[in-house]
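Notes follow the structure.
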Amino acid sequence: MAVMAGVLDETRRRTLEALCDTIVPAVPYDGDDETMRAYMARSASDMGVAAQIEGLMAQAMLPEEIEGFGQLLDGLSAGDFASLPLEVRTQVLKQVSASGPEAKLGIKVFKGLTMLFFYALPDEQGRNPNWDALGYPGPVSAPPSADEAPKTINVEQVSGAEQTLTADVCVVGSGAGGGVMAAELAKGGKSVVVLEQGAYRNEQDFKQLELPGSLELYLGGGLLSSEDGSISVLAGATLGGGTIVNYMNCIRTPEHIRKEWAEHGMEGIDQLEYDQHIDAVWERLQVNAEATSQNRSHRKMIQGMEACGFPWKPITRNADPACDDPRVCGYCYTGCQRGCKQSTMKTYLQDASDAGAKFVVGARAERITTADGRATGVEATVTNADGSITKLTVEAGTVVVSAGAVESPALLLRSGIGGAAAGKHLRLHPAAIVEGVYDEVIEGWIGQAQSAVSYQFANMEGDWGFLIESAPTAPALIAANWPFDDGAQHKRDFSASLKHAAPFITVARDHGEGEVAIDAHGRAVVRWSLGDEIDRRIFVRGNQELAKLHKAAGAKEIFTLHAERTSWREGEDFDAFLEQIENASYEPNDVAIFTAHQLCSCRMGSDPSTSVANGKGELHDTKGVWIGDASAFPTAPGVNPMISIMSLAHHTAGEILKEA
């Protein structure tokens, strides 16, 4: 990756280099394996990690944010950090991290970025020199050529300082909700313009690389988190949105959730006729179980479930059985190179394009324009392929907000519409990960990303609980959360155990709620914590139950993703380990928590004081503006939400057509 212009002075740069080399140092090695010798001798500086971090700061941070991290580096340099021995630097980092929440977050960010670039930065041949020592193969196949995988969606080219487009409908966002909306409205005879903040990338662009995949396909480059670092936010930001990078777990909206949503005022959701919307999506995505198979991580999870007496079942997936290839499916989170994944790019967006819809990529919707309480269009900033900027105005009497539950409320807030509930009631399906290390080789990057699920604890506390699933192994992401006593220990343990590790995860239905606000620059800010007592109990119990599954499946070592080592090895007291999990800290940045499902932040309902849109999906306070994504959910569904998002969008599109 190219390094951007420097934004740190020499003292800060030297301190950052020393910080990175504290996290990933050169380590003595007295063995005979030359690959391992080279890996142990390689430090973060040998990979140019600090320069990469500085380049990312220059590209992605505002001056005041850079200064905040700079002040953290100043605090370290005041004690001549760069000149201290490695052991002392390690202790200094721990002391600084413990000194306050902002310092803890800053050290966590630097640690995560160091691991990201050290373990995922590819060279010109698409290889990272550390992979061989880990037993990680990297990409197993090259992407198809442009002729083999042509881009067939109609992308509108804009140019000049300003441009105006006119349409019946402007759809903001192209993911699970926006894709369905665009297709159904275009097929219904509407002229449609779709604005997508990300780029148009398809199979020819998917390289099976963790770092480029994160930076190119995810919101915030895959580095987004809540304001205080409590939770990492994984959301798609490319043409096709999250459907390009998700794990294809297709679950129909549970009946009790449909009834609950109806009680909030969502119209038609609890009626038998609503099934036709789910069925239509199910059929268009070719959802099936025939192409589902379990990799070694899932087989270990199933072994543990059966030993514990937990029911489980294979998932149904939107994968084309004719081309599904488990060998490459572990790279699913970086885009499906085979084209097996029936994302909106392969289905509804193509349908929309074929029906005449126009797409503008690289388009950030700045605000929705209104007059006399009614939508008149959208103002957007388009970053063109050559780097030039075009101010785009889309004149449209109907606007569909489908930018995801982080960006959709931010758009409403920038526009001054949506009422008091805009951005409120955010749910995130917080996910825990517990790793088990086995004698057997697992190689969690081989096989389908997700293929089995258990509902054993779905109703742990009334209607709240968690699902048990697994996930693929992404080396840099795992490295950032692997137990860290010091850089040498981390390097030795990580290289010895990664290919033997299996991640089990929980996906919780959250009881509490967060919010999306905007900062002084109009950017979305996610605020969330594990402060709700029910959510906290569910999260702790989830970690414990995953640990039990690993033990039942024969793991020799088990650890949670706490910053302070929370682990068990064969022969140790397992009950004491469960108690350690119970008593561990769950404060911000003391444990890694993830969300791949952002929900409910522009929710539908009958009460304008507690909801943004009415029971049909149209804003209470602005005619012609509709919500068309997971932010419309009144409450968290508690299951992987793609089918629920798409079927609701299918229903809402019908309501828009009726209005016409």
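What to note about this one:
- Which numbered condition Met115 misses (of (1) in contact (Cβ under 8 Å) with a residue 60 or more places away in the chain; (2) under 18 Å from Phe484 (Cβ atoms); (3) open to solvent by 30 Å² or more (accessible area, probe 1.4 Å); (4) not β-branched (Val, Ile, Thr)): (3)
- Selected residue (criterion: nearest to Thr152 (Cα to Cα)) from residues of the range 222-238 that are outside any loop (DSSP other than H, G, I, E, B) and open to solvent by 10 Å² or more (accessible area, probe 1.4 Å): Gly236
- In the range 456-474, the residues that are closer than 28 Å to Ala501 by Cα form Cβ pairs under 7 Å with partners that are polar (S, T, N, Q) and in a loop (DSSP other than H, G, I, E, B), at six or more places apart or across chains, as follows: Glu469/Gln450; Ser470/Gln450; Ala471/Gln450.
- Test: residue in the range 305-324 that is part of a helix (DSSP H, G or I), in contact with a Ser or Thr (Cβ under 7 Å, 6 or more places away or on another chain), open to solvent by 10 Å² or more (accessible area, probe 1.4 Å) and in contact (Cβ under 8 Å) with a residue 60 or more places away in the chain: no
- Residue list for the range 72-86, restricted to those being part of a helix (DSSP H, G or I) and surrounded by 14 or more Cβ atoms within 10 Å (Cβ to Cβ): Leu72, Leu73, Asp74, Gly75, Leu76, Ser77, Phe81, Ala82, Leu86
- Residue match in the range 605-618 (condition: open to solvent by 20 Å² or more (accessible area, probe 1.4 Å) and under 19 Å from Ala182 (Cβ atoms)): yes
- Search result, residues across the range 480-508 that are small (Gly, Ala, Ser), within 30 Å of Asn459 (Cβ to Cβ) and out of contact with any Ser or Thr (no Cβ under 9 Å at 6 or more places or on another chain): Ala508
- The range 258-286, subset open to solvent by 20 Å² or more (accessible area, probe 1.4 Å) and of a type in the set (A, V, I, L, M), residue nearest to Asp607 (Cα to Cα): Ala262
- Sole exception among (1) open to solvent by 20 Å² or more (accessible area, probe 1.4 Å); (2) polar (S, T, N, Q); (3) in contact with a strand residue (DSSP E or B) (Cβ under 9 Å, 6 or more places away or on another chain) for Ser145, by number: (3)
- Identity of the residue in the range 572-593, surrounded by 14 or more Cβ atoms within 10 Å (Cβ to Cβ) and of a type in the set (Gly, Ala, Ser), that ends up farthest from His562 (Cα to Cα): Ala584
- Of all the criteria given as (1) part of a strand (DSSP E or B); (2) under 22 Å from the mean Cα position of the chain (by Cα), the one not satisfied by Thr370 is (2).
- Selected residue (criterion: most open to solvent (accessible area, probe 1.4 Å)) from residues of the range 287-301 that are in contact (Cβ under 8 Å) with a residue 24 or more places away in the chain, charged (D, E, K, R) and part of a helix (DSSP H, G or I): Arg296
- Residue within the range 607-615 that is among the aliphatic types (A, V, I, L, M), touching a Cys at 6+ places or on another chain (Cβ under 7 Å) and assigned to a helix (DSSP H, G or I) present: no
- Selected residue (criterion: most open to solvent (accessible area, probe 1.4 Å)) from residues of the range 208-221 that are assigned to a helix (DSSP H, G or I) and of a type in the set (A, V, I, L, M, F, W, C): Leu215
- So Ser415, is it among the polar types (S, T, N, Q) and open to solvent by 10 Å² or more (accessible area, probe 1.4 Å): yes
- Ala396 over 28 Å from the mean Cα position of the chain (by Cα) and surrounded by fewer than 21 Cβ atoms within 10 Å (Cβ to Cβ): no
- Selection within the range 623-643: residues that are under 19 Å from Ala375 (Cα atoms) and touching a strand residue (DSSP E or B) at 6+ places or on another chain (Cβ under 6 Å). The member of this set that is surrounded by the fewest Cβ atoms within 10 Å (Cβ to Cβ) is Lys623.
- Test: residue in the range 374-388 that is assigned to a helix (DSSP H, G or I), of a type in the set (S, T, N, Q) and open to solvent by 30 Å² or more (accessible area, probe 1.4 Å): no
- Filtered residues of the range 443-482 (kept if more than 17 Å from Leu546 (Cα to Cα), buried (at least 19 other Cβ atoms within 10 Å of the Cβ) and not small (Gly, Ala, Ser)): Glu443, Trp445, Ile446, Gln448, Trp464, Pro475, Leu477
- Subset tally (residues that are open to solvent by less than 10 Å² (accessible area, probe 1.4 Å) and more than 30 Å from Thr566 (Cα to Cα)) for the range 594-604: 5
- Consider the range 17-63 and keep the residues that are touching a His at 6+ places or on another chain (Cβ under 9 Å) and not in a helix (DSSP H, G or I). The one that is nearest to Met115 (Cα to Cα) is Val24.
- Against the list (1) free of Cβ contacts under 8 Å to residues at least 24 places away in the same chain; (2) buried (at least 19 other Cβ atoms within 10 Å of the Cβ), the condition Glu255 fails is (2).
The values are calculated or read from the model by the stated rules, or taken from the named source; none is laboratory data. These figures come from a predicted structure and were not determined experimentally. Please note: Cβ atoms are built from the backbone with ideal geometry, for glycine as well, and neighbour counts cover all protein chains shown. Remember, those area values only see protein heavy atoms, side chains included, never the ligands or the DNA or RNA. Shrake-Rupley method; radii C 1.70, N 1.55, O 1.52, S 1.80 Å.
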